[in-house]
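This report concerns only the one structure given below.
The values are calculated or read from the model by the stated rules, or taken from the named source; none is laboratory data. Note that the coordinates shown come from a computational prediction; the quantities given were computed from them, not determined experimentally. Using ideal geometry, Cβ is built from the backbone for each residue, glycine included, and neighbour counts are taken over all protein chains shown.
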Amino acid sequence: MKIEVVTLFPKMFVGPFDESIIKRAREKGLVEIVIHDIRKWAKDRHKSVDDRPYGGGVGMILKVEPVYEALKELKSKNSKIILLTPQGKTFNQTLARKLSKFQHLILIAGHYEGYDERIRKHLVDEEISIGDYVLTGGELPAMVLVDAVARLVPKVLVKPEALRHESFNQNQGLDYPQFTRPEKFQGWRVPKVLLSGNHKEIEKWRKKESFKTTKKNRPDLIK
Ligand code: ADE
């Protein structure tokens, strides 16, 4: 899979994709991530990519021309074009799974005051928000989306069976609690059942604990 990000702040992307699982996926050629500076497609001599809103108001608006030019160059038949914006559809695991099946994603991350509406209307396939809060720009949301999608690309996770048991899978509550050594720390003990070797009992305990956490923290996930 190839993921390209068009942003005003390419330097923000140094780091998150250069460590751990995503780094390995890139090295193995499973996921190609390319970050583009949108100013590359600015037409005027000041290289401006944003401007004041028609009708007045605060802040600057991302212009339509540089986005149009960027997409003209980057887009191909198989591209899915995504705009990161608080007005978008809320991102979740189901959407991450869908996006992981595409060959080519192009993410547009504007700095947040707004986008020229013609970008939304004519240039993008989907608008996505990572949650009901407003960030200073779409860069962190783009990173979140890339991370969540890239780990679902086949062979990126060395143990894909881990995916079957994690939170937000269909008909499944939040993850159950996990422990590792030591067995006792500061008087805090690992639940006895996990030391028992009784797989049936362990399974039962995990289901019960998962339900308890889900009911407490995310009752909306219980049907
Ligand atoms: N830009 C600013 N806030 C955002 C959010 N919550 N999701 C996506 N893009 C954003």
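Among the residues of the stretch 54-73, is any of a type in the set (Asp, Glu), closer than 18 Å to residue 138 by Cα and assigned by TED's automatic domain parsing to the domain that holds residue 132? Checked against the condition, which is being of a type in the set (Asp, Glu), closer than 18 Å to residue 138 by Cα and assigned by TED's automatic domain parsing to the domain that holds residue 132, the stretch 54-73 yields no hits at all.
Within the stretch 1-26, the set of residues being touching a residue at least 12 places away in the same chain (Cβ under 8 Å) and not in a helix (DSSP H, G or I) comprises 1, 2, 3, 4, 5, 6, 7, 8, 9, 16, 17.
Yes or no, residue by residue, for (1) among the charged types (D, E, K, R); (2) free of Cβ contacts under 8 Å to residues at least 24 places away in the same chain; (3) within 14 Å of the ligand (Cβ to nearest atom):
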site: 104; (1), (2), (3): no, no, no
site: 110; (1), (2), (3): no, no, yes
site: 114; (1), (2), (3): no, no, yes
site: 129; (1), (2), (3): no, no, yes
site: 133; (1), (2), (3): no, no, yes
site: 163; (1), (2), (3): no, yes, no
site: 168; (1), (2), (3): no, no, no
site: 178; (1), (2), (3): no, yes, no
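All conditions in (1) part of a loop (DSSP other than H, G, I, E, B); (2) closer than 20 Å to residue 22 by Cα; (3) of a type in the set (A, V, I, L, M, F, W, C) hold for residue 162, with the sole exception of (1).
With respect to the conditions (1) near the ligand (Cβ under 10 Å from one of its atoms); (2) at pLDDT below 95; (3) of a type outside the set (Gly, Ala, Ser), residue 58 falls short on a single one, namely (1). Scanning the stretch 168-202 for residues that are surrounded by fewer than 13 Cβ atoms within 10 Å (Cβ to Cβ) and either under 25 Å from residue 152 (Cβ atoms) or polar (S, T, N, Q) (or both) returns 170, 171, 178, 180, 186, 196, 198.
Of all the numbered requirements in (1) of a type in the set (Val, Ile, Thr); (2) more than 28 Å from residue 172 (Cβ to Cβ); (3) surrounded by 13 or more Cβ atoms within 10 Å (Cβ to Cβ); (4) within 16 Å of the ligand (Cβ to nearest atom), residue 64 misses one, and that requirement is (4).
Scanning the stretch 135-151 for residues that are away from the ligand (no atom under 12 Å from the Cβ), assigned to a helix (DSSP H, G or I) and in contact (Cβ under 8 Å) with a residue 60 or more places away in the chain gives 146, 147, 149, 150.
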